[in-house]
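So the structure is just underneath, and the comments pick up after that.
Bear in mind that the values in this text are calculations on the coordinates, not laboratory data. Keep in mind that what you see is a predicted model, and the values were worked out from it rather than measured. Reconstructed Cβ throughout: ideal geometry from the backbone, glycine too, with neighbour counts over all protein chains shown.
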Amino acid sequence: MIKGKQSLSFTQAPFLISSGCVVGSKEAKGPLGKHVDMFNTDDLFGEKTWEAAESTMQKEACVIALGKAHVETEEVRYLFGGDLLRQGIATSMGVETLQIPMFGLYGACSTSGEALALASMAVAAGYGSNLLAVTSSHFGSAEKEFRFPLGYANQRPLSAQWTVTGSGAFLVGTAKSHVRVAGVTVGKIVDYGLKDSQNMGACMAPAATDTIVQNFIDFGRGPEDYDRIITGDLGKIGRTILWDLAEKKGYQLKEKHLDCGLLIYDHEKQDTHAGGSGCGCAAVTLSAYILPKLAKGEWKRVLFVPTGALLSTVSFNEGESVPGIAHGIVLEHC
């Protein structure tokens with residue numbers, strides 16, 4: 001199962017049995033809106049706070065994924081989940097009612113990749129036949145946590161990205177489906193010394209490049225071996241940096257590359273500046289857009305690379321740089 005320096009290849013591949021995604025009003029009006037499972041028009045989902053709304057999204061996404069597979073919560077061995085908030089409260093309070101043994105994760109916007117990698121590894125190792133991977137983000141809660149409360153009405157630079165209000169949950173298990181997790185490339189911390197928290201695409205692009213190139217090396221592949229290479233939320237700026245860095249390493253990614261942050265919104269009609277971001281960005285796009293294409297056989301093999309900027313208000317206020325990380329998930333049509 002061990003491939004090269006950072007990767008695993010699953011001989012008895014775990015399957016992505018089902019998924020569920022929930023989004024807010026802005027995302028519902030975007031290109032993927034007609035493909036999501038649930039949305040709410042006021043972004044509060046019947047709750048009084050943004051944080052509680054995010055927890056509700058996570059719970060509903062999990063319930064939808066389980067419902068599609070006709071799996072009860074008692075049949076799920078473990079849950080891997082995380083979000084952007086301090087101490088992962090959106091996840092812990094969101095999945096509390098499900099009463100599934102839980103591993104709380106933090107990989108910033110790469111959390112969907114981290115959760116899928118760990119769930120797949122656990123299934124492949126025989127530690128459970130049904131595992132859940134879930135993550136979420138919310139524009140209101142993320143702005144309050146990392147930047148300014150919405151009431152400040154502060155201006156955002158053109159390099160800034162719009163945090164996706166959304167949650168995606170995935171049931172990973174042994175039951176055969178049309179999509180399998182064929183392998184993973186676990187990312188490492190990559191830090192180019194950038195300190196601009198309003199330009200996270202630039203901060204994350206080096207980590208995305210590192211993971212993608214390492215995947216090629218570990219599996220003996222190149223861009224031509226994938227129908228698409230899809231990053232999590234590099235946006236307009238991070239995308240071009242990724243192309244440039246990969247070209248310097250001898251790989252042309254432009255023809256095969258897509259970015260979830262550029263897929264989830266209509267950038268002609270919706271003002272998001274550099275694109276979408278947040279844990280929910282990659283998770284929702286995977287559920288609503290990528291998996292259906294794999295299931296139908298339109299794409300045979302995809303390298304899904306959620307990206308994360310590992311900053312906090314503490315590290316930013318202390319003048320630290322913003323490290324990046326990215327995890328690669330090899331998805332194949334069955």
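Quick look at the numbers
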| read-out | value |
| --- | --- |
| Choice from 197, 287, 315 showing the highest fluctuation, given a GNM over the chain with Cα pairs closer than 10 Å | 315 |
| In sequence order, calculated HN-Hα J values of the range 10-17 (Karplus, 6.51, -1.76, 1.60; Hz; x Gly/Pro) | 9, 6, 9, 5, x, 10, 8, 6 |
| Trypsin sites (Lys or Arg not before Pro) within the range 44-93: DSSP coil, no more than 13 neighbouring Cβ in 10 Å | 48 |
| Amide H contacts of residue 183 (H built 1.01 Å from N, under 5 Å, at least 5 apart or other chain) | 10, 330 |
| For P(r) over Cα pairs in 10 Å bins from 0, in percent, calculated from these coordinates, the label among (1) 5, 26, 37, 24, 7, 0; (2) 6, 30, 38, 22, 4, 0; (3) 6, 26, 32, 23, 10, 2, 0, 0 | (2) |
| Where N is the number of residues in the range 176-334, Cα Rg divided by 2.2 N^0.38 Å | 1.01 |
| From phi via Karplus (6.51, -1.76, 1.60), per-residue ³J(HN,Hα) for the range 56-67 in Hz, x at Gly/Pro | 4, 4, 4, 4, 5, 4, 5, 4, 5, 4, 5, x |
| Total lysine pairs under 17 Å (Cα atoms) in the range 15-173, excluding pairs fewer than 8 apart on one chain | 4 |
| Residues residue 258 and residue 25, FRET efficiency given R0 of 25 Å [Cβ-Cβ distance, rounded to 0.05] | 0.55 |
| For the range 34-42, 3J(HN,Hα) per residue [Karplus equation, 6.51 cos²θ - 1.76 cosθ + 1.60, θ = phi - 60°, Hz, x = Gly/Pro] | 6, 9, 7, 8, 7, 9, 10, 7, 10 |
| DSSP-assigned coil residues among trypsin sites (Lys or Arg not before Pro) in the range 235-307, each with at most 16 further Cβ atoms within 10 Å | 249, 254, 269, 300 |
| Whether the range 20-72 is rounded, prolate or oblate, judged on the alpha carbon gyration tensor where a/c under 1.5 counts as rounded | oblate |
| 24 Å Cα cut-off, lysine pairs counted over the range 179-333 (separation 8 or more, or different chains) | 19 |
| Among 112-123, 161-172, the order from most to least packed when residues are scored by Cβ within 10 Å on average | 161-172, 112-123 |
| Fewest-first sequence of 299, 50 by Cβ atoms within 10 Å of each Cβ | 299, 50 |
| FRET efficiency, residue 35 to residue 103 (Cβ-Cβ, R0 25 Å, nearest 0.05) | 0.30 |
| Separation in nanometres of the label points that stand 7 Å from Cα toward Cβ, at residue 77 and residue 269 | 4.5 |
| Mean residue ellipticity (222 nm) of the chain, computed from DSSP H runs ≥ 4 via -39,500 (n - 2.57), nearest 500 | -9500 deg cm²/dmol |
| Prolate/oblate/rounded call for the range 74-116, Cα gyration tensor, a/c under 1.5 rounded | oblate |
